[in-house]
Amino acid sequence: MTRDTKYLAILGFAVAILLAHICYYFPYTPDDTFISMRYAQRLVQGHGLTWNDGEYVEGYSNPLWVLLSAGLNYLGMALLYAVQSLSIAFTLLTLTAFSHYRKTNSVPNAAFALSMLVYALSAPVAIWAVGGLEMPLVMFLFAWVLTGARTLNEASRTCTAVKTGIALGLICLTRPEGPVYTAVTAIAFILTAALPLKLRVRTAAIFCFTSFAFFCALLAFRHNYYGTWVPNTVLAKVAFSSVRFFSGVEYAVKAILSFIPILWFIHHMSSKTRHNRHQSFLLYVAILLSLAIVFAGGDWLLGYRAFVPVIPVIILLLMESTRRLDLASSAKVTAVILCFTLIQFIDKDNLNARLGRSWVPNVLTPIAEQLRKDYGDKNPLIAVFTAGAIPYYTQFPTLDVYGLNDTYLTQHRHEQKDFGHGIVGHDLFDVDYIKSRKPDLLVFDIPGIKSQCGLRPGECEKLYPDYEQEIIDIPGYGVKIWKRKTNAAAQP
């Protein structure tokens, strides 16, 4: 069997394992995915990138992703299938970056096979391949950034630097923290590249300025369209407090522990070989990105979503450290893979994604369908804290009580004494503001999660005098909603 035949066999095996792993978590799609889908839906319908009619708020964190999914929807694909197809496609396409790295850096088949197996067995990769959000795109783009940086570490090539900058620029269009990836890459490159300092700075400047051009274009659009320089989601989430810091530390530690067998093996194999500059580059990138995750406070979504772009760094470190993998290491490799696989399947964050994969289709979607059936002709204003599937499927005007899609709450966040001390993106609840908006329906009691009014009983009591309770029946549940007493729109 030739080297190329072995490579194709390895790649085919990795794809098969990865697809089976993806199926294991299907159809996991978190409620947050439907926030982006609502913006894409309204864009295709001709309402622009808006949350409600007349309300211009950037309540999505992924402009490029919204545009891609809207494009597929415009061509006739259902939005849910569109976002799932995109996330699966970019998860698989990331293998092309790894394959290119193998070819251009003469990575042995044994090292490549082990690395691809680890990628295919990584639960965050499989979970977010069906999650329908943008992290697979970020992972794909960053894998190519790392691959380009490998070439630039040894020879300054303007074309490669520009291509690397374009990939970083596309990350800026995909995530609010996109500039962090550019900064991390530049810092690690300047510290480790095998080039004269002047040439290192020049090369880094090329890909930084290329990326910056994309970022400036996004800023210009945001200011012109929304009248602000900062996404509303950043204002609703980012807070620098000790609570957020320690939450970020806990999150990063858990994510790292879920990969500890692989990280140990990388360290074990690296100690036997000469440490090269690109390993140092990758190590700096991994550390700096992990620190960024810590200071952001981590993430509340399952499957270590924020950690997904770090996985290509780990995969490439594994390739580099196992170049001299031999038969004598086969027992250790087997033990490491078995241990890693076991952790992936029993880790609480990953396990909950598997257990909760039917929550949206079995709970939120039926609630939305029943609301649409009962109140569709009234087009009521609904207040929700699960601001994804219910607003998307009802298409009702919606008050997002956590402020991700509401500029008033973010502009007055300084008035919230506990802002920055709760779960990221979930601590802007303001009962007085809700009263002032006079929503027709309150949808605060969702089966499967603790009632919003159970979390804030004192505040919700202020709302009760204006509302009356109703039970809507969905398969397996009776769901409490609250109808405004004095508004005809709340009468079915």
Set ARG157, ARG150: member being touching a Ser or Thr at 6+ places or on another chain (Cβ under 9 Å), closer than 26 Å to THR322 by Cα and among the charged types (D, E, K, R)
ARG150
In segment 169-199, how many residues are more than 27 Å from LEU64 (Cβ to Cβ) and either of a type in the set (Asp, Glu) or in contact (Cβ under 8 Å) with a residue 24 or more places away in the chain (or both)?
6
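Determine which member of the set VAL384, VAL401, VAL363, VAL313 is of a type outside the set (Gly, Ala, Ser), in contact with a Phe, Trp or Tyr (Cβ under 6 Å, 6 or more places away or on another chain) and surrounded by 18 or more Cβ atoms within 10 Å (Cβ to Cβ).
Values: VAL384 fails: in contact with a Phe, Trp or Tyr (Cβ under 6 Å, 6 or more places away or on another chain); VAL363 fails: in contact with a Phe, Trp or Tyr (Cβ under 6 Å, 6 or more places away or on another chain); VAL313 fails: in contact with a Phe, Trp or Tyr (Cβ under 6 Å, 6 or more places away or on another chain).
It is VAL401.
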Name the pairs: first residue in segment 328-342 and assigned by TED's automatic domain parsing to the domain that holds ILE311, second residue modelled with pLDDT under 95 and of a type in the set (Ser, Thr, Tyr), Cβ to Cβ under 6 Å, at least 6 apart or on different chains?
none
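Yes or no: ALA217 more than 19 Å from the chain's Cα centre (by Cα) and either outside any helix (DSSP H, G or I) or surrounded by fewer than 18 Cβ atoms within 10 Å (Cβ to Cβ) (or both)?
Numbers: more than 19 Å from the chain's Cα centre (by Cα): yes; either outside any helix (DSSP H, G or I) or surrounded by fewer than 18 Cβ atoms within 10 Å (Cβ to Cβ) (or both): yes.
Answer is yes for this residue.
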Can you name the helices (runs of 4 or more DSSP H) wholly within segment 305-371 that have at least 3 residues being at pLDDT below 95 and not hydrophobic (A, V, I, L, M, F, W, C)?
330-346, 348-355
Which residue out of SER106, SER61, SER85 is modelled with pLDDT of 95 or more and among the hydroxyl-bearing types (Ser, Thr, Tyr)?
SER85
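Filter segment 446-476 down to the residues that are under 27 Å from GLY298 (Cβ atoms) and modelled with pLDDT of 85 or more, then identify the one that is surrounded by the most Cβ atoms within 10 Å (Cβ to Cβ).
Filtering first and then ranking leaves ILE446.
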Determine the pairs where a residue that is free of Cβ contacts under 8 Å to residues at least 40 places away in the same chain, located within segment 86-110, has a partner that is surrounded by fewer than 22 Cβ atoms within 10 Å (Cβ to Cβ) with Cβ atoms under 9 Å apart, the partner being 6 or more residues away or on another chain.
LYS103/TYR7; SER106/ARG323
Inside segment 389-444, counting only helices (runs of 4 or more DSSP H) that do not spill past its ends, which hold 1 or more residues that are touching a residue at least 40 places away in the same chain (Cβ under 8 Å) and more than 24 Å from the chain's Cα centre (by Cα)?
407-411, 431-437
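Would you mention how many residues in segment 152-198 are over 24 Å from the mean Cα position of the chain (by Cα), in a helix (DSSP H, G or I) and crowded, with 19+ Cβ neighbours inside 10 Å?
Within segment 152-198, the first condition is being over 24 Å from the mean Cα position of the chain (by Cα), and the residues that meet it are 152-162, 189-198.
With in a helix (DSSP H, G or I) added as a condition, the list becomes 152, 158-162, 189-192, 197-198.
When the remaining residues are screened for being crowded, with 19+ Cβ neighbours inside 10 Å, the result is 152, 160-161, 189, 192.
Adding up the residues that qualify gives 5.
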With LEU289, LEU257 as the choices, which residue is assigned by TED's automatic domain parsing to the domain that holds PRO136 and surrounded by 15 or more Cβ atoms within 10 Å (Cβ to Cβ)?
LEU289
Tally time: how many residues in segment 11-47 are under 25 Å from GLY403 (Cβ atoms) and either of a type in the set (Lys, Arg) or in contact (Cβ under 8 Å) with a residue 60 or more places away in the chain (or both)?
12
Given segment 42-135, what helices (runs of 4 or more DSSP H) lie entirely inside it while holding 1 or more residues that are in the same structural domain as PRO176 (by TED's automatic domain parsing) and under 15 Å from the mean Cα position of the chain (by Cα)?
63-74, 79-104, 123-130
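The values are calculated or read from the model by the stated rules, or taken from the named source; none is laboratory data. All of these numbers come straight from a predicted model, not from anything done at the bench. Because the Cβ atoms are built from the backbone with ideal geometry, glycine has one as well, and the counts that use them run over all protein chains shown.
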